[in-house]
C-alpha cells in the first residue's frame, strides 16, 4: 500500500491523473510486492536463524575435517586458526569447538543437519552461499583441496540445493579469490610497485576469475557481476538475514577481494 501511495503522489505531480495511475502501478510492483516477498524478521526469528547458521557451520566443519576418515592434528590446528581468524566471542569459541567434535563423530547425520538448515535459513540464498564459503575456507586453508574434501563439499552443496554447475563455479571463484589475495599480498600490487600502467597478465586473469566473468565481458556485464557479488557478501545485509555478527569477517574479506579484483580490471581497461 505504501508503494501505491508514493507512486500515486509522485505520478500526479509529474504527469497528472494519468501519471498518478502509472505511478501507483509502479509503486505496487516495485515496492509493495518486494516488501511482501522479503518480510523483515522479528528479533526472535533473527536469533533463531543466527543460532542455526552458527550451529550448522561448525557441525559441517567437523564433518569436513573427517572427510578422509580421521581428524588430523593439522586439521585441528587449521580449524583453531580459522576460529581465531573469525574473532568469535569466548562463549561462541567454546561452543564452536563442541559442535566441531559432534560433526566429526561417527554418528553424524548430514542429511538431517542440511534439511534442518534449509528449513530455518533456506529463505536466504546468501546464507547458504556463506555456509559453503566457510567450509571451502577450511578445506583450502592448507592450500590443497583433496578429493575427499571436494566430495564432502559437493555432498553438502547438493543437499543445500546447489546444482553441480553452480557449486563448481563457486569453487572456481573462491579459489581464484584466494589466489588473487595471495598474489596481491605478496606483490603489494606488483604492477603498481613496478610503476607499470597495466597489471600483469596472470594477475588480470585471476581478477576476472574472481568475479566469475570472461575477459571478453562487456563493461556492463562486468559491473553486473561485481554488484551481484558485493550484494551477496555485504556485511549489513548478511547480518540482517541472520549472519552472527562475530562470523561476518569471512564475508568482509571476500568483499574486499572482489572490490580489489574489480578495481584492477577497471584500471586495465
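Readers should treat all values here as calculations from the given coordinates under stated rules, not as data from a laboratory. All of these numbers come straight from a predicted model, not from anything done at the bench. Cβ sites come from the backbone with ideal geometry, for glycine too, and all protein chains shown count toward neighbours.
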Per-residue Cβ contact counts at 10 Å, fewest first, order 138, 145, 78 as 145, 78, 138
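How do 208, 233 line up, fewest other C-beta atoms within 10 Å first?
Working: 208 21, 233 24.
Final ranking by Cβ density, sparse to dense: 208, 233.
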Per the Kirkwood formula over distinct C-alpha pairs, the hydrodynamic radius of segment 146-188 in angstrom is 11.5
Taking 130, 140 and counting other beta carbon atoms within 10 angstrom, the fewest-first order is 140, 130
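Taking R0 as 41 Å, what FRET efficiency do you get between residue 168 and residue 43 from their Cβ-Cβ distance, rounded to the nearest 0.05? Could the numbers behind the result be given before it?
Numbers: r = 38 Å, r/R0 = 0.92.
Rounded to the nearest 0.05, the efficiency is 0.60.
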Rounded to one decimal in nm, the spacing of the 7 Å Cα→Cβ label points at residue 150 and residue 85 is 2.1
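How many Å³ per residue does the convex hull of the Cα positions in segment 43-160 occupy?
Working: hull volume 12.0 nm³, N = 118.
So the per-residue Cα hull volume is 102 Å³.
For residue 217 and residue 175, compute 0.36 nm times the residue count separating them, minus their Cα-Cα distance, and round to one decimal in nm.
Values: separation 42, 0.36 × 42 = 15.12 nm, distance 2.02 nm.
Working it through step by step, the gained length comes to 13.1 nm.
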Pseudo-spin-label distance residue 98 to residue 115, built 7 Å along Cα→Cβ, given in nm, is 2.5
